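K.L.:
Supplied in structure tokens, the structure appears directly below.
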Amino acid sequence: MKRLIITLILILPSIGFAAGGGVALQSANNDLTDNESLKAGAKLFIDYCMGCHSADYVRFQRVGKDIGISDEELLKDFMFSADKVGETMSIAMDKEDAEKWFGVIPPDLSVIARARGTDWLYTYLMTFYLDSSRPFGVNNLAFPDVGMPHVMWDIQGWQEPVYEEKDGHKVITSLKLIGPKDKAEQYKTDVRNLVNFLEYIGEPAKLHRLSLGWKVIAFLFIFLIFAILLKKEYWRDVH
Ligand code: HEC
């Protein structure tokens, strides 16, 4: 038993490592209670991701209600392909065409944050780098030989890999931004907002659970004060 526990402790970190494709994960640091961030993330998702990815389990109206976007605002600023707020975030791309263009069908992203985790998503979106051997001219540290182009290059710019010799192999030790650099700082915030939105759609009920959690704690705290007062009251007669 003891040996089993020790083995598990030793191999657990390596499982996490394998899931990241060998890359050290960067922390997403996103905050589900930040409505402005969720709103910005929703906009980025629609502008940059919904050309290829759907979120078939998510309705625009639910998103609007949860993060405070009115139906009018939804229609005006957020919805281009759909025209009724009750519709899901689906896309019209033909699956066969997608396979022809990308070799794979871009997956639905409704629950991607639960499948991959927020830190992986953040790292994935941060680590596209130039690689002329790939069909779209880019590769990715978290997802080697990925079939997705670097769609947000206009914000982050392009990154070049920096190599080092290790045991006779060339390994990438870091990525260097080569420009255009003017919006690279903005990109980190954008990716954080986008990952925040992806975590939210993965489990919309989490928002309510978080706020309910605080209410429960507040209730227990107030209850505790009364319990203490009551205890004092009872013991006064005993002494
Ligand atoms: C031009 C089409 C296109 C756009 C736009 C696009 N993607 Fe992708 N994406 C793909 C394809 C194709 C794959 C599958 C790659 C593979 O399996 O090799 C993919 C894969 C992914 C994956 C990995 C899924 C997995 O298997 O774990 C994530 C995460 C992802 N995309 C997120 C995004 C986000 C976030 C955006 C918006 C910023 C976005 N994508 C925009 C085409 C696109």
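K.L.:
Which trypsin sites (Lys or Arg not before Pro) does the stretch 143-239 hold that lie in a coil by DSSP with at most 14 other beta carbons within 10 Å?
P.N.:
Loop-located and lightly packed - LYS181, LYS183.
K.L.:
Could you state the number of Å between the C-alpha centres of the stretch 104-175 and the stretch 179-199?
P.N.:
With the stretch 179-199 and the stretch 104-175 each reduced to a Cα centre, they are spaced 15 Å.
K.L.:
Which value in Å does the Kirkwood hydrodynamic radius of the stretch 24-203 take, with 1/r averaged over all unlike C-alpha pairs and then inverted?
P.N.:
One over the average 1/r among Cα pairs gives 17.3 Å for the stretch 24-203.
K.L.:
I've got another one for you. Hey, which aspartates and glutamates would be in cross-link range of LYS84, C-alpha to C-alpha under 19 Å, not counting anything within fewer than 8 residues on its own chain?
P.N.:
Straight-line reach from LYS84, under 19 Å: ASP47, ASP56, ASP66, ASP71, GLU72, GLU73.
K.L.:
What do you get for the angle between helix 205-238 and the principal long axis of the chain? Use alpha-carbon atoms, 0 to 90 degrees, nearest ten.
P.N.:
20 degrees
Each reported figure results from applying straightforward, stated rules to the coordinates on display, with no laboratory input. Note that the structure is a prediction, hence the values are computed from the model and not measured. No Cβ is skipped: glycine too gets one built from the backbone with ideal geometry, and neighbour counts run over all protein chains shown.
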